[in-house]
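Structure below; questions to follow.
The numbers here are math on the coordinates, done by the rules we state, and not lab data. Since we're looking at a predicted model, the values are computed, not measured.
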């Protein structure tokens, strides 16, 4: 199905929240660094970034993507809290991030 060294972007991965958010951000022209898109799209692809599988399909530059994903996963996993956040208090902070990186009306 795949040619050796075809690259991560050419692999057909299962559709889930990672791919949905990635495509949502791309569609809405989010102003994020490319590493952020990689982190979002591939952070659940554990056989690759944690298990070392699929190495024969990687192309030049894909190892750099793996480094970004692993950095992100340190904050994604095991950082959950049982405490319920104060949405009202957090709203201005997150709204400012949305306005900065995805200004305007977003399409879902």
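For the chain, what is the mean residue ellipticity at 222 nm derived from helices alone (per DSSP H run of n ≥ 4: -39500 (n - 2.57); sum divided by total residues; nearest 500 deg cm²/dmol)?
That comes out to -15000 deg cm²/dmol.
Something else about it: May I ask for the Kirkwood hydrodynamic radius of the chain, worked out over all distinct Cα pairs and given in angstroms to one decimal?
One decimal place: 15.8 Å for the Kirkwood radius.
Choose one answer from 19, 63, 95: the residue with the largest mean-square fluctuation in a GNM of the chain with alpha-carbon springs under 10 Å.
Of 19, 63, 95, the most mobile in the Gaussian network model is 95.
While we're looking at this one, here's another question. Relative to the present Cα-Cα distance, how much length would full extension add between residue 106 and residue 86 at 0.36 nm per residue of separation?
Roughly 4.8 nm would be gained on extension.
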